[in-house]
1. Out of everything in region 177-211 that is free of Cβ contacts under 8 Å to residues at least 60 places away in the same chain and either touching a strand residue (DSSP E or B) at 6+ places or on another chain (Cβ under 9 Å) or open to solvent by 50 Å² or more (accessible area, probe 1.4 Å) (or both), what residue ends up being farthest from residue 162 (Cα to Cα)?
2. Those residues that are free of Cβ contacts under 8 Å to residues at least 40 places away in the same chain, polar (S, T, N, Q) and in a helix (DSSP H, G or I), I need them from region 212-246; list them, please.
3. Looking only at region 138-154, decide whether some residue is without any contact (Cβ under 8 Å) to a residue 24 or more places away in the chain, more than 24 Å from residue 279 (Cα to Cα) and more than 25 Å from the chain's Cα centre (by Cα).
4. For region 80-91, give me each residue that is open to solvent by less than 100 Å² (accessible area, probe 1.4 Å) and of a type outside the set (Val, Ile, Thr).
5. Looking only at residues that are of a type in the set (Gly, Ala, Ser) and under 16 Å from residue 189 (Cβ atoms) in region 152-176, which one is most open to solvent (accessible area, probe 1.4 Å)?
6. Would you point out which residue out of 14, 21 is over 55 Å from the mean Cα position of the chain (by Cα), modelled with pLDDT under 75, surrounded by fewer than 10 Cβ atoms within 10 Å (Cβ to Cβ) and at negative phi?
7. Kindly indicate whether any position in region 51-66 is touching a Phe, Trp or Tyr at 6+ places or on another chain (Cβ under 7 Å) and surrounded by 15 or more Cβ atoms within 10 Å (Cβ to Cβ).
8. If a residue has to be outside any helix (DSSP H, G or I), of a type outside the set (Gly, Ala, Ser) and surrounded by 19 or more Cβ atoms within 10 Å (Cβ to Cβ) to count, how many in region 250-285 make the cut?
Amino acid sequence: MASDTTAAVPSPAPGQEGTAPARARAQERRSRRYRRDVRWSPYALIAPFFLFFAAFGLFPLLYTGWASLHQVELTSPNDMTWVGLRNFTRLLSDDFFWNALRNTFTIGVLSTVPQLLVALGIAHLLNYKLRGSMFFRVAVLTPYATSVAAATLVFVLLFGRDYGMINWALGLAGFGHVDWQNGTWTSQLAVSTIVIWRWTGYNALIYLAAMQAVPADLYESAALDGASRWQQFRHVTIPALRPTILFTTVVSTIGATQLFGEPLLFSGSAGATGGSDHQFQTLGLYLYEQGWVNLHLGRASAIAWAMFLILLLIGAVNWLVSRMLHKGMTS
């Protein structure tokens, strides 16, 4: 009798029937969950930003745009009367608006130009190997970390008419005391000084980061050609920093357009008027005066949108200048 050589197939153990299909279904569920996670997780991570932006950025922008087309008071914001573009046309004949716009431009120039020039010089010095360079970098950033209120109150004491340290120093030099708050140019110069003090170090560190990205080979080649350090700074550093200089100029201009805290606190008891004769009232102060002092929410919204349009104009100029610089560098 021949032996049976066919291998016997073991029967599945009790309770293990259907194990393979169950594993396949579980793996398929995990695969679908993984695909959903990979697809939707990035949106979930950035969703908080868009929620906060919609609540605190987009909604105020749209609401002020709607309110600017109405006559509405802050005491009854739901009681709106449609006036169309009247709030904007009134700005064109409003002497206080043009005075605030002129003051904003003047203070912006007085603060931005010296600020960026000094920041460029400080960054150039910090770019060299110095002992304790980290200390100096932290030191120049300290004014930026100081609150607006604390810095402005200190400068109010420095620019005091009777007991201020600056007038004391002018007296030692043989000059008379200056009434810094009540003069037009003196008050704007004093407010600009606060802005310069707070933001110079911040811009200096931006310039320093850009300088450290300049290839060292360019400086070595210039030195071999006999260029002095000043010539290297003019012909190597400045051309390499053109995009950064443009960026800081635009950002500083936007900050000057929105200037509010420094002139408000510098005016003292004058409040939002920007001095007894509105001599340093900026657009931000004028907006605050119309909306929160005079309670004209519609007019304040129109001023806010006028400032927004000015910022858009600055952005358009930045885009045009950037294109011109890019064409000049690539040609």
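1. Checking each candidate, the answer is 209.
2. If the condition is that a residue be free of Cβ contacts under 8 Å to residues at least 40 places away in the same chain, polar (S, T, N, Q) and in a helix (DSSP H, G or I), then 221, 231, 232, 244 are the ones that fit.
3. Among the residues of region 138-154, not one is without any contact (Cβ under 8 Å) to a residue 24 or more places away in the chain, more than 24 Å from residue 279 (Cα to Cα) and more than 25 Å from the chain's Cα centre (by Cα), which makes the answer no.
4. Passing the criteria: 80, 84, 87, 88, 91.
5. 169
6. 14 is the lone residue from the list that is over 55 Å from the mean Cα position of the chain (by Cα), modelled with pLDDT under 75, surrounded by fewer than 10 Cβ atoms within 10 Å (Cβ to Cβ) and at negative phi.
7. Yes, the conditions are met somewhere in region 51-66.
8. Counting residues in region 250-285 that are outside any helix (DSSP H, G or I), of a type outside the set (Gly, Ala, Ser) and surrounded by 19 or more Cβ atoms within 10 Å (Cβ to Cβ) gives 6.
The values are calculated or read from the model by the stated rules, or taken from the named source; none is laboratory data. Every value quoted in this text rests on a predicted model; they were computed, and no experiment measured them. Positions of Cβ are generated from backbone atoms using ideal geometry, with glycine treated the same way; all protein chains shown enter the neighbour counts. For accessibility, only protein heavy atoms count, side chains too; no ligands or nucleic acids. Shrake-Rupley method; radii C 1.70, N 1.55, O 1.52, S 1.80 Å.
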